[in-house]
Amino acid sequence: MELEKYKDAIYTCNRTRCGFCREECPVFKEKKLETYACRGKMLIARGMLEGIIPENEYEEIAKIVNTCSVCGSCAANCALDNDEILEALRADLVKKGFTDENHLIGINSILEKENPFQLDREDKTDWAEGIEFNKQSPILFYAGCTDSLFYPERLEKTVRILKKLGIEMNYLGSDEPCCGELMHTTGHWNKFRAQIEKTEKLFREAGVKTIVTHCPGCLRTFRDKYPKFYEKFDFEVLHVIQIIAKEIESGKITFKKPVNMKVTYHDPCHLGRLAGIIEEPRTILNAIPGIELIEMPHIGYQSHCCGGGGGLMAVDYDLVANLTDSRLKEAEETGAEYLVTICPTCEFNFDKVIRNYNIKLLDVMDIIDMAID
C-alpha cells in the first residue's frame, strides 16, 4: 500500500487528535462533519492500513476522500505531510478499483488529447499564432492546459513581457503534453508515472534545461511531484512571477506607467501555501506606481482556497461554488476595486460568480502589462 510509508505519521495523528487541521479546512467548514476533515481521513487511512474497513464501504469511503481540494491548509497547520497522505490514500483506493467517474473522464482526456477538458489538442496552440519562439533555447515556455484553452490572451501577454526582458524561449506547440496533475492528485499514479516518462523524454529531446510557466498547478507538478516519482526529472522549474520579481529586485525593471487602482491579492494554494511563492507577487504589485494593495484577513500560508483544486470540481461543484463565494465575499469586504490573482484555475472559478460581487478580476500579468514600457 502507498500508505505504508506514512504509517508513523498516520498513527501520530490518531494518537494526538489535536484537530489543528480543522481550523481552516474549507471542506470541513462547509460539511461540518469530522470525516471530511483531515483528522477524519487519517482515521480512514488507519482503517485501510489495518484492513478493518469492509470492502462494501469502500465506495462511500472514496466519495468522502475525494471531497477535498487538496489545498494544503491542513498541512500548513500541522507538522505532518497531510496532503501527501491524502493523495496516497486516494492512490490505494484507486488500486482497489474505487475512484470518481468524472476523474476518469478527465484522465482519459489527458491520455487522448493531452488536456483534461475533452477539447481538441490543436486548440491549445491557437494563442501562439504569430509569436516567434527560439527552438534552440534551453528555456521552455510551458503554456499548460487551462491557460491555453481558456485564457489565451494571458499567455500572449506573459510571453510578450518576458521577451521585453530579453528572455528567449522555446515552445513545443502541439507537442506540449499535459503535466498530468489530475492523475496524481486523484490517485491514478501508474498513469501519472507513464506521463512523467513521456514528458521527460520529450523535454530532453528538445534540449530543455529550464521550464517557465504561468500555471501554479503545472509549476508544482513539475517542480515537486515529478522528481519524487522519477529521479531523472531534474529540470529547473520557475514560475514567471519569480523571474519578474527578481528583475525588479535587481533594478532591471522599473515601472513608470501608473496604474491607479485599489487591489487585493488572492494567494493561489498551489503557488502560495504549497509552493512557497508568496512575497514575489506582492513585490511586483507594490513596485507599480498607483497600485494600492489592500490585504484580505487570510493571506499567504493561511489563504482561503477557491475550491478549484484536487479534482473537487468534478466531485461536488455546489461545494466548490460555496468556497468560491466565501473567498469573493472576503475580497469584496476589503473595499478593493479588483481581486488580483495569478492562477488560471482560481480565475476560472472566480469568473463564474464574480458578477454577483462589487469587485472585478485581474491577473497580475494584466497589471504588469499596463505598467511596463
### Summary
Among residues of the range 1-40 being part of a loop (DSSP other than H, G, I, E, B), charged (D, E, K, R) and within 23 Å of the chain's Cα centre (by Cα), the residue farthest from CYS305 (Cα to Cα) is GLU23
### Task
Considering each residue of the range 291-315, count those that are assigned to a loop (DSSP other than H, G, I, E, B) and either within 20 Å of CYS74 (Cα to Cα) or among the aliphatic types (A, V, I, L, M) (or both), and give that number.
14
### Task
Could you tell me which residue of the range 295-314 is nearest to GLU332 (Cα to Cα), considering only residues that are out of contact with any helix residue (DSSP H, G or I) (no Cβ under 6 Å at 6 or more places or on another chain) and buried (at least 20 other Cβ atoms within 10 Å of the Cβ)?
SER303
### Query
In the range 169-272, which helices (runs of 4 or more DSSP H) lie fully inside it and hold 3 or more residues that are under 14 Å from the mean Cα position of the chain (by Cα) and surrounded by 14 or more Cβ atoms within 10 Å (Cβ to Cβ)?
181-185, 216-220
### Task
Among the residues of the range 59-74, write down those that are open to solvent by 10 Å² or more (accessible area, probe 1.4 Å), more than 13 Å from GLY307 (Cα to Cα) and in contact (Cβ under 8 Å) with a residue 12 or more places away in the chain.
GLU59, ILE61, LYS63, ILE64, CYS74
### Query
Which one of GLU34, GLU30 is touching a helix residue (DSSP H, G or I) at 6+ places or on another chain (Cβ under 7 Å) and open to solvent by less than 70 Å² (accessible area, probe 1.4 Å)?
GLU34
### When residues of the range 315-335 are limited to those that are out of contact with any Pro (no Cβ under 9 Å at 6 or more places or on another chain), of a type in the set (Gly, Ala, Ser) and in contact (Cβ under 8 Å) with a residue 40 or more places away in the chain, the one surrounded by the most Cβ atoms within 10 Å (Cβ to Cβ)
ALA331
### Message
Between GLU101, GLU112, which is over 30 Å from LEU43 (Cβ atoms), out of contact with any helix residue (DSSP H, G or I) (no Cβ under 7 Å at 6 or more places or on another chain) and open to solvent by 10 Å² or more (accessible area, probe 1.4 Å)?
### Response
GLU112
### Message
I want to confirm something. Restricting to the range 157-168 and keeping residues that are in contact with a strand residue (DSSP E or B) (Cβ under 9 Å, 6 or more places away or on another chain) and assigned to a helix (DSSP H, G or I), which single residue is farthest from ILE107 (Cα to Cα)?
### Response
LEU162
### Query
Taking the range 42-69, which residues are among the basic types (Lys, Arg) and closer than 24 Å to THR12 by Cβ?
ARG46
### Query
Could you list, in sequence order, the residues of the range 273-286 that are surrounded by fewer than 22 Cβ atoms within 10 Å (Cβ to Cβ) and within 21 Å of LYS360 (Cα to Cα)?
ARG282, LEU285, ASN286
#### Entry: Filtered residue count, the range 124-146, keeping only those that are open to solvent by 40 Å² or more (accessible area, probe 1.4 Å) and in a helix (DSSP H, G or I)
1
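The values are calculated or read from the model by the stated rules, or taken from the named source; none is laboratory data. For clarity, every value in this text was computed on a predicted model and none was experimentally measured. Cβ coordinates were reconstructed from backbone atoms using ideal geometry, including for glycine residues, and neighbour counts include every protein chain displayed. Note: accessible area is taken over every heavy atom of the protein model, side chains too, but ligands, DNA and RNA are not part of it. Shrake-Rupley method; radii C 1.70, N 1.55, O 1.52, S 1.80 Å.
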